[in-house]
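One structure is given here, and the rest of the page talks about it.
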Amino acid sequence: MREAGSLTRPEEYFVTDAVLAAADQAALQRRRFLRGGALLAAAAGGAVAASATGATPAQAAETDVSTLTVGLPPARFLDTRTSDGRELIVGSSSSAFDAKHRLKKGAWIDVAVFPTDAEGIGIFSVFVNLGSRASTKKGTLLVTEPDGGRSDAWTLHYGKGAEVNNSAIVGVGVDDSESYYTVRIYAGSVTHVVLDLTGVSALVASDPVEELRTARTSQRTSLARVVAAAKSMRR
C-alpha cells in the first residue's frame, strides 16, 4: 500500500464556482452523484440550482450545493510496471495485459480516482496526467469517461520506447461495485501506462452546521472534505 503524501493546505487550492446546465444536472443524478445525502432534482422534474451556492432544486430545498474545482498535489494512481501501481485498477477488457503487465493494443482498463462514499461530495470530472512507458512500438493512449466509449481522438501519441506525458480533463464513471469514480484508458499499442491525479471538479453539499458559519469558513470546510476524500485513495 502506498503511503499518502502531504497535502497543501485547503485554502491554497484553486476554486471556482459554476452553474451546471440542466442536462448536466440530469446526468449527474443518473450517475448517482452526491448520493451521500445531497440530492439534485432531475432537470426534467422542475427547478434546478439557480446558483452554485444559492437556491437549490425544490426536492433539495434544505441543501446548498457548491461547485468546486480543486487542484491537488500530483499523486500517482496508476503505474502498470509495479503491483502496487496496479492496485487501483477496478476493471479491464479481456486479457488486457501481456506477460510484463503492459497494456495491449486495443485493450482498456478502468482506474479508480475517487471514493463514491464521501459524504455529500460528487465528482463529475478529474484533472490527470497520462503517460506512456517502455512501449514496444509507436502508438497512442486515450483517457476518457468509461461510459463515453472509445473515440477516434487520443490524449497522447508516443514513439517506440519514448516516455511521453500529457494532461487532460476527463469526465468520470462509476465502477460495477459503485465504490469508486473511475476513468478509462485505451492503448493503441503495447505499453506501460502511468496516471497521476492533479485535481477534481466536485459538487459539495453543505453541512447544516456549515451554514451557521461565515462563507469563507464554509468554503474552507468544503475544500477540506474534498481533499480528505481524495487523500483516502492515496495508498
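The values are calculated or read from the model by the stated rules, or taken from the named source; none is laboratory data. Note that the coordinates shown come from a computational prediction; the quantities given were computed from them, not determined experimentally. We place every Cβ from the backbone using ideal geometry, glycine too, and count neighbours over all the protein chains shown.
At-a-glance table
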item	result
Region 88-100, residues that are buried (at least 17 other Cβ atoms within 10 Å of the Cβ) and part of a loop (DSSP other than H, G, I, E, B)	88, 96
The listed residue being surrounded by fewer than 18 Cβ atoms within 10 Å (Cβ to Cβ) and not β-branched (Val, Ile, Thr), out of 162, 112, 107	162
Flag for residue 128 being within 22 Å of residue 227 (Cβ to Cβ), crowded, with 20+ Cβ neighbours inside 10 Å and out of contact with any Lys or Arg (no Cβ under 9 Å at 6 or more places or on another chain)	yes
Residues satisfying the stated conditions in region 167-178, i.e. modelled with pLDDT under 95 and among the polar types (S, T, N, Q)	177
Pair list, Cβ under 9 Å, 6 or more apart: region 75-87 residue in a helix (DSSP H, G or I), other residue at pLDDT below 95	84/1; 84/2; 84/235; 85/2
Residue 123 outside the structural domain of residue 226 (by TED's automatic domain parsing), among the β-branched types (Val, Ile, Thr) and modelled with pLDDT under 95	yes
Failed item, numbered, when residue 119 is tested on (1) assigned to a loop (DSSP other than H, G, I, E, B); (2) touching a helix residue (DSSP H, G or I) at 6+ places or on another chain (Cβ under 8 Å); (3) within 24 Å of residue 189 (Cβ to Cβ)	(3)
Qualifying strands (runs of 3 or more DSSP E) (wholly inside region 143-211; at least 2 residues being closer than 15 Å to residue 89 by Cβ, hydrophobic (A, V, I, L, M, F, W, C) and in the same structural domain as residue 92 (by TED's automatic domain parsing))	180-187, 192-205
